[in-house]
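Just so you know, all these numbers are worked out from the coordinates, no wet-lab data involved. Predicted model, so just to flag it, every value in this text is computed and none were measured. Virtual Cβ from ideal backbone geometry, glycine too; neighbours counted across all protein chains shown.
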Amino acid sequence: MVNLDKYSSIFIANWKLNGNSSFLKHYYEKLKVNSNNCTVICSPSIYLKSLKVNNNNLFSGAQDVSSFKEGAYTGELSASMLKDNNIDFCLVGHSERRQYFAETNGNVKTKSSNLIEENIIPIICIGETLEEKEKSLTEEILSTQIKNSVPNLANHKNALIAYEPVWAIGTGLTPTLDEINEVHEFIKNYDQKFINFKVLYGGSVKSSNSKEINDLSHVDGCLIGGASLKVDEFNTIIS
Ligand code: PEP
């Protein structure tokens, strides 16, 4: 399992349903990873084998995994298959999967636990909707998500949490810096066991705001969607 403690920051690129072979070739020709940081590229699964890794500060990640370990589940990919193909990270419970594929906290917990058993680090995504934020329910929603989607065997060495307000994903909107730091502090203080967890922020991170977000005392890195597709922009974010 990757040693998360050795990095000052962790940056995850979520390409979502984007990319092709020539995009990949161009991307890795220009990608410049920073040696103090951990950079993880999460591509569509068909390209996972083509991603470049150096097992030092550049890794590959899947965007999802099956809840099942094996059997008659057409179209699924198991945690052990990801491990067999040297994948070290996997996004779990991204809001797009919760929203469009009806993924529940229970599914997220099972998937995360299967990944940890295979020594793959789950990046467990949690976050409130705009409606929930406006009703001041952020802490309540996050508490429920943490309680029901983070498995008991997760700890700061084998799992990551990503705070991604749903209303900030792909919208250009972000919480204020104070709000981000307060929510991250809330997550780390939710229970004694989360104090040392690395908590990443995701939602409209770009080169113009990444430094101020990543410099916050309770932020340990960022999860980047749209801006990770532009390699020059991503290089600035991770530099
Ligand atoms: C994401 O997909 O997790 C994400 C944060 O997207 P964006 O950076 O485009 O808001």
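What the table shows:
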| quantity | calculated |
| --- | --- |
| Those residues of the stretch 172-229 which are within 14 Å of the ligand (Cβ to nearest atom) and of a type in the set (S, T, N, Q), in sequence order | 174, 204, 207, 208, 209, 210, 214, 228 |
| Single residue of the stretch 130-171 satisfying the filter (among the hydroxyl-bearing types (Ser, Thr, Tyr) and either surrounded by fewer than 20 Cβ atoms within 10 Å (Cβ to Cβ) or in contact (Cβ under 8 Å) with a residue 60 or more places away in the chain (or both)) that is nearest to the ligand (Cβ to nearest atom) | 171 |
| Condition met for residue 116 (surrounded by fewer than 24 Cβ atoms within 10 Å (Cβ to Cβ), touching a strand residue (DSSP E or B) at 6+ places or on another chain (Cβ under 7 Å), of a type in the set (A, V, I, L, M) and closer than 26 Å to residue 184 by Cβ) | yes |
| Residue count for the stretch 87-138, restricted to those that are farther than 25 Å from residue 46 by Cα and among the hydroxyl-bearing types (Ser, Thr, Tyr) | 3 |
| Filter result for residue 158 (closer than 25 Å to residue 90 by Cβ and within 15 Å of the chain's Cα centre (by Cα)) | yes |
| Selection count, the stretch 199-215, where residues are in a loop (DSSP other than H, G, I, E, B) and in contact with a Leu (Cβ under 8 Å, 6 or more places away or on another chain) | 3 |
